[in-house]
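For reference, the structure is listed below as structure tokens.
The values are calculated or read from the model by the stated rules, or taken from the named source; none is laboratory data. It should be emphasised that the depicted structure is a prediction, and the values quoted were computed from it without experimental measurement. When we count neighbours, we look across all protein chains shown, and the Cβ atoms used for this are built from the backbone with ideal geometry, even at glycine. In case anyone asks, the SASA skips ligands and DNA or RNA and just uses the protein heavy atoms, side chains included. Shrake-Rupley method; radii C 1.70, N 1.55, O 1.52, S 1.80 Å.
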Amino acid sequence: MPSQREIRRRIAAVRNIKQITRAMQFVAASKLKRAQDSTLAARPYSDKIDEVLADLASVLGGEDHPLLSQREGGTRLMVLVTTDRGLAGPLNTNTIRFAAKEITEHPGDVVLVTVGRKGRDAMRRVRVPILAHFNGFGDRPVFSDVTPLARLVVDEYLSGRVGIVDIVH
């Protein structure tokens, strides 16, 4: 039977753990609120971009700009966006599961570009060919971080090596 001193020590340890857990909960709630606010703030901008692109695509065709052309078949480039670390709930699992389902349901030539370590590791395990991997974008990537990824995708499409580009996030 534990002594009174050991019981008091355990009670103190449980209190400390409770305090740390509450602090972690507050930090997580703060991050979630910040992410929700930034998503809501970006929504009008995203809607306007969609509208402008739809207007351009309806007026212009593939002969006006090569990125507006639609190709049938060919190799499919899938950009899989996941996180570098865990503790993201079902985000990574659901994203990877959806990508794997798309690859198996639409067999053919698939080339993968991964963003984030979790997606890369999962696709390596199932032996899907990975063209390139990008990590270290963090929670708030800047334009210069994303430029190499965009350049790779555009170059692959314009060169004709891929006919379809999908972004899974």
Which members of the range 107-118 meet the condition of being under 11 Å from the mean Cα position of the chain (by Cα) and open to solvent by 40 Å² or more (accessible area, probe 1.4 Å)?
-> 117, 118
Within the set of pairs 6+ apart or on separate chains, which have a first residue in the range 145-162 that is free of Cβ contacts under 8 Å to residues at least 40 places away in the same chain and within 17 Å of residue 78 (Cβ to Cβ), a second that is open to solvent by 60 Å² or more (accessible area, probe 1.4 Å) and not charged (D, E, K, R), and C-beta atoms under 8 Å apart?
-> 152/131
From the list 144, 69, which residue is open to solvent by 40 Å² or more (accessible area, probe 1.4 Å) and polar (S, T, N, Q)?
-> 144
Single residue of the range 119-141 satisfying the filter (open to solvent by less than 80 Å² (accessible area, probe 1.4 Å) and farther than 13 Å from residue 80 by Cα) that is modelled with the lowest pLDDT = 138
Answer from 93, 75, 83, 104 - the residue that is free of Cβ contacts under 8 Å to residues at least 12 places away in the same chain, of a type outside the set (Phe, Trp, Tyr) and surrounded by 12 or more Cβ atoms within 10 Å (Cβ to Cβ) = 93
